[in-house]
Amino acid sequence: MGTDPGAGSAARRARLAEIFRFALVGGVNTVTFFGCYLLLHPWMPYFAAYSLAFLLSMIGSFFLNTYFTYRTRPTWKKFALFPLTNVTNYLVQSVGLYALVTWAGMDDRIAPLVATVVAIPFTYLISQRILVPRGSARSSSDSGPGSETDERQPSRLA
């Protein structure tokens, strides 16, 4: 049996589109966070505004990533695990920032931006692991009602 040479190309295009959607959601999430922070800050102490804005943008990010980025259904389990993506992002950025400033001698005004870019692939992989059902990469012949791949369907935002 031969394999379709276009299948690998189609899979790469689909993966690149998914990564693009992930980056787009990250941009929307950043703007949402900052906008919420600016709106809340006059009404509450800055750290409370920061925390609430962070929570609201994380909830928005969860739904955008499930429906738009990965085109899967949200579940309570995924919702409970989703904050791990933010913890991962924070840890990778923090270690990266420290390493870039302390060991590489990078300017501490530029290093956070570099550390943020370095963290993106880690955050993408963790969010994919949490939000995409296992086995969704199987062929459509393996999927059907009740199968794990049945969950990953195009959303209305597609």
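The label-point distance for Arg13 and Ile120, in a model that sets each label 7 Å from Cα toward Cβ, rounds to 2.2 nm. Could you tell me which of rounded, prolate or oblate describes region 1-87, using a ≥ b ≥ c as the square roots of the eigenvalues of the alpha-carbon gyration tensor, with rounded for a/c under 1.5 and, failing that, prolate when a/b is larger than b/c and oblate otherwise? It is prolate, given that a/c is not under 1.5 and a/b is the larger ratio.
Coordinate-derived values only; no laboratory data. Remember, it's a predicted structure, so these values are computed and weren't measured experimentally. For neighbour counting, all protein chains shown are included, and Cβ atoms are generated from backbone atoms with ideal geometry for every residue, glycine included.
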